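Read the structure below first, then the notes.
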Amino acid sequence: MSPRRDESRESGVDFPKVMRRRLLWLAALTIMLLASAMLAILVGTLGPIGPGISVAPGVREHISFGEALGAVFGETGDWPAYYSDIFWEVRIPRVLLAAAVGAALACAGTAMQAIFRNPMADPYIVGVSSGASVGAVLASLFGFATTALVGAIITPALAFTTALLTVFVVYSLGVVGGKVYVNTLLLSGIAVAAFLGAVVSLMIYFAGQQYHRIIFWMLGSLSIASWSAVAVVAIAATVGAVLVFISSRDMNALLLGEETAHNLGVDPEGLKTLMLVVAAIMTAAAVAFTGVIGFVGLIIPHMVRLVVGADHRMLVPAATLSGAIFLIWADTLARTVISPTELPVGIITAICGGPFFLYLLRRNRLAGETR
Amino acid sequence: MRLDVRDLSYSFGDKKVLKEITLDVSPGEFIGLMGPNGSGKTTLLRCIMNFLSPPADSVSVNGEATQTLSSESLARMFAVVPQSSSTDFTFSAYDIVMMGRLPHRKNRFAGPTKADADAVRSAMERTGTWEFAGRPFSALSGGERQRVIIARAVAQQPQALLLDEPTVYLDINGQLEIMDLIRSLNKEEGITVISVLHDVNMAARYCDRIALLSDGWLEALGPPSSVLNPEVIQSVYGVEVVVRRDPFTNAVYVMPHSTVAAAPRHGRRVHVLCGGGVGGPIMKALLDAGYGVSSGVLNVLDSDFENARDLHIPTVTEAPFAAVSDAAYEKNLGMMSECEAVVVSPFPVGPGNLKNMEAASVAVSRGKRVVAILPDAGRPVDFVDGKADAIMRELISSGAIPVMGIAEMLRELRRGEGR
């Protein structure tokens with residue numbers, strides 16, 4: 001565990017030991033991420049980890065481990081050719097998308113909590129989710145979403161655009177004379193989100209048959225995973241995470257207040273603007289393809305902080321990796337729990353995340369620590 | 001490090017907060033910034049740090065205008081210690097001190113190095129915070145936190161410390177601990193210190209020079225003994241004070257004169273026979289109750305002589321350590337006869353001032369109202385083999401009113417006026 005948890009040590013901090021321990025933690029998380037991804041690919045209705053499908057009385061179609069390996073590595077054997085597609089066109093992109101979206105949301109959440117200096121901030125705090133919803137609902141209303149090829153491009157593109165437009169509006173409201181006022185930003189975010197929420201509700205009211213599709217999108221789902229989606233979100237998540245990571249020491253200082261950050265040689269205004277833009281783009285890219293997946297960006301940074309402390313040099317990479325792992329498993333659960341139908345993953349993240357969050361909060365209060 | 005503040009003015013909108021401040025700070029100096037709330041002390045610190053942008057060229061360090069310096073290079077020269085620090089996030093004390101290494105990193109990508117770790121460790125050992133380095137910052141006491149913040153400032157390896165009332169939220173023990181730590185950094189490492197201080201006596205004790213701000217103006221600048229005089233403090237803070245020298249440190253110290261508004265004068269006068277410091281509270285109580293007060297006979301240098309002088313009370317005096325002369329005795333009797341009443345305080349009586357007790361008997365025999373405050377032990381502190389005690393008993397038997405304490409004395413005096 002991290003130094004701040006270690007009650008047995010009487011005095012001092014062994015710096016090289018702390019650094020080694022941190023690297024070990026990150027290595028362990030990376031291995032867990034890879035293992036989770038591989039395992040999750042094997043989970044599905046058809047198996048190998050799964051019930052299989054009953055095709056005729058007494059006959060079940062079920063993929064064996066051997067068949068799965070063969071299909072993944074492109075061999076031909078005495079299994080249907082579409083087994084390869086199940087892996088390469090459905091499960092692998094879906095697991096990768098889950099990882100990328102989870103990473104993007106957790107990393108963006110960490111950055112937002114730092115610049116708002118509020119552990120309750122999340123990636124949607126500046127209006128990304130409500131903005132994206134407007135775009136997605138508009139796409140559905142105009143019928144783009146139903147046409148396969150166009151829908152797969154138009155809906156995310158529209159959602160991404162409206163999300164960033166909303167963030168821009170909220171940001172402009174929070175900036176006075178070149179200074180970013182985070183409290184104003186927070187309140188404008190809430191106000192704009194409430195307004196856009198009403199707009200979305202109004203559109204849903206007139207949506208008719210599109211109703212179910214819109215709700216499904218708004219709850220968040222990874223079911224439209226495609227390789228192009230994986231590419232876009234993975235690039236956004238990677239570039240974003242690197243930018244957030246190299247700002248991590250600056251964010252540490254910012255958490256002690258803007259004046260203290262300035263006095264330690266950090267430019268608080270530049271940092272806030274950079275982090276807002278980076279977090280907004282990461283979040284918007286994720287939301288555009290998957291809809292609004294809640295709780296990941298709020299809870300993962302929080303949980304990880306409870307374990308590793310608030311130093312962002314450690315927190316940012318740990319939270320990013322944990323977010324990826326968490327969403328892979330949440331999505332695996334979403335597509336198997338009532339298989340063959342699937343639940344929106346946002347329901348799973350909220351059901352798992354909420355109570356666990358409360359548990360951590362209680363445990364920490366009882367341990368006599370603040371947050 | 002040389003800091004030059006030249007003709008610095010600063011406004012928030014229409015409100016001028018700093019007005020033409022000029023202040024030079026030499027390397028290794030300990031400067032106290034003082035002044036009432038809202039006089040511009042914190043604003044001055046923020047202008048020095050360029051957190052607020054002062055007019056170009058009004059603040060310069062080693063000849064370079066701070067406006068042209070990046071906040072990172074400013075942070076290598078100045079370390080700031082605020083009034084208090086807190087955070088909702090779980091940083092350890094070590095994490096907090098490590099932040100002091102931020103201005104020294106090679107580039108934005110660089111993490112903490114072994115050299116940073118060494119600087120942090122020696123800063124924490126220097127400030128006595130190493131033993132709780134691993135504990136969460138938010139779980140530390142106010143004094144421990146402030147020491148951690150000072151450790152961070154030390155880890156910054158600055159040429160000057162800027163402190164904004166660093167002890168304001170600490171108890172007396174914590175205050176002295178922090179101030180001693182700051183002074184040792186100043187004296188031993190030669191770090192220049194510029195500190196906003198609210199406690200006049202703390203400033204007098206630690207500072208080489210005091211800069212006194214009032215309503216944005218630099219009202220006075222100089223060593224504590226010259227800045228801290230009753231006139232200056234009266235004009236800046238609007239409080240009447242007494243300035244004395246601390247018998248142990250020889251630093252000047254300042255006491256507020258009056259914490260309650262004096263009752264209106266009513267023209268009645270009381271003469272107090274006192275000495276050895278016993279008379280101070282009695283004279284003060286009488287003044288506050290609206291009486292005119294006189295006293296005597298007191299030796300110059302007696303603590304009641306100083307009390308009377310500070311209270312501007314007319315006093316019959318005698319040369320230091322000399323016995324009361326006949327002339328002074330007569331003068332004392334004269335002053336007593338002009339008063340409505342005489343108060344005999346339980347002052348220590350020796351051969352030199354036994355005449356003051358005799359004066360009391362004379363007053364009683366002349367029909368003057370005499371109130372005798374009995375000492376706590378029941379008899380006066382007597383260095384004249386019971387003579388003072390005998391006079392006291394005789395006083396009471398011949399009509400002096402015995403009272404216990406100051407409150408009863410005031411009651412008796414008031415009752416006497418009713419007659």
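Worth a mention:
- Which numbered condition A:Ala286 misses (of (1) touching a residue at least 60 places away in the same chain (Cβ under 8 Å); (2) within 14 Å of chain B (Cβ to nearest Cβ)): (2)
- Strands (runs of 3 or more DSSP E) lying entirely in the stretch B:261-345 (those with 2 or more residues that are free of Cβ contacts under 8 Å to residues at least 60 places away in the same chain): B:292-299, B:315-318
- Every pair of residues 6+ apart whose Cβ atoms lie under 6 Å, when the first sits in the stretch B:157-179 and is open to solvent by 30 Å² or more (accessible area, probe 1.4 Å) while the second is among the hydrophobic types (A, V, I, L, M, F, W, C) and not in a strand (DSSP E or B): B:Gln159/B:Met1; B:Gln159/B:Met77
Conditions (1) within 14 Å of chain B (Cβ to nearest Cβ); (2) open to solvent by less than 60 Å² (accessible area, probe 1.4 Å), marked per residue:
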{"position": "A:Val200", "(1), (2)": "no, yes"}
{"position": "A:Phe216", "(1), (2)": "no, yes"}
{"position": "A:Leu219", "(1), (2)": "no, no"}
{"position": "A:Ser228", "(1), (2)": "no, no"}
{"position": "A:Arg249", "(1), (2)": "yes, yes"}
{"position": "A:Gly257", "(1), (2)": "yes, yes"}
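- Some residue of the stretch B:213-232 being within 15 Å of the chain's Cα centre (by Cα), in a strand (DSSP E or B) and of a type outside the set (Ser, Thr, Tyr): no
- Looking only at the stretch A:330-359, and only at residues there that are of a type in the set (Phe, Trp, Tyr) and under 18 Å from the mean Cα position of the chain (by Cα), the one that is farthest from A:Ala121 (Cα to Cα): A:Phe356
- Complete set of residues in the stretch A:84-105 that are open to solvent by less than 40 Å² (accessible area, probe 1.4 Å) and without any contact (Cβ under 8 Å) to a residue 24 or more places away in the chain: A:Ser84
- In the set (1) of a type outside the set (Val, Ile, Thr); (2) at positive phi; (3) open to solvent by less than 20 Å² (accessible area, probe 1.4 Å), A:Gly178 fails one condition alone, (3).
- Screening the stretch A:307-326 for residues that are within 17 Å of A:Met19 (Cα to Cα), modelled with pLDDT of 90 or more and open to solvent by 20 Å² or more (accessible area, probe 1.4 Å) and picking the one that is farthest from the other protein chains (Cβ to nearest Cβ) gives A:Pro317.
- Residue that is modelled with the highest pLDDT [pool: residues in the stretch A:53-79 that are farther than 18 Å from A:Ile41 by Cα and not hydrophobic (A, V, I, L, M, F, W, C)]: A:Pro57
- Filter result (open to solvent by 40 Å² or more (accessible area, probe 1.4 Å) and within 13 Å of B:Leu102 (Cβ to Cβ)) within the stretch A:259-279: A:Asp267
- Selected residue (criterion: farthest from the other protein chains (Cβ to nearest Cβ)) from residues of the stretch A:230-247 that are over 28 Å from B:Val81 (Cβ atoms) and crowded, with 23+ Cβ neighbours inside 10 Å: A:Val233
- Of the criteria (1) surrounded by fewer than 20 Cβ atoms within 10 Å (Cβ to Cβ); (2) out of contact with any Leu (no Cβ under 9 Å at 6 or more places or on another chain), which one B:Tyr94 fails: (1)
The values are calculated or read from the model by the stated rules, or taken from the named source; none is laboratory data. Not measured: the values here are computed from a predicted model. All Cβ positions, even for glycine, are placed from backbone atoms using ideal geometry, and neighbour counts span all protein chains on display. Ligands, DNA and RNA are stripped out before the accessible areas are found, and what is left, the full protein with its side chains, is counted by its heavy atoms. Shrake-Rupley method; radii C 1.70, N 1.55, O 1.52, S 1.80 Å.
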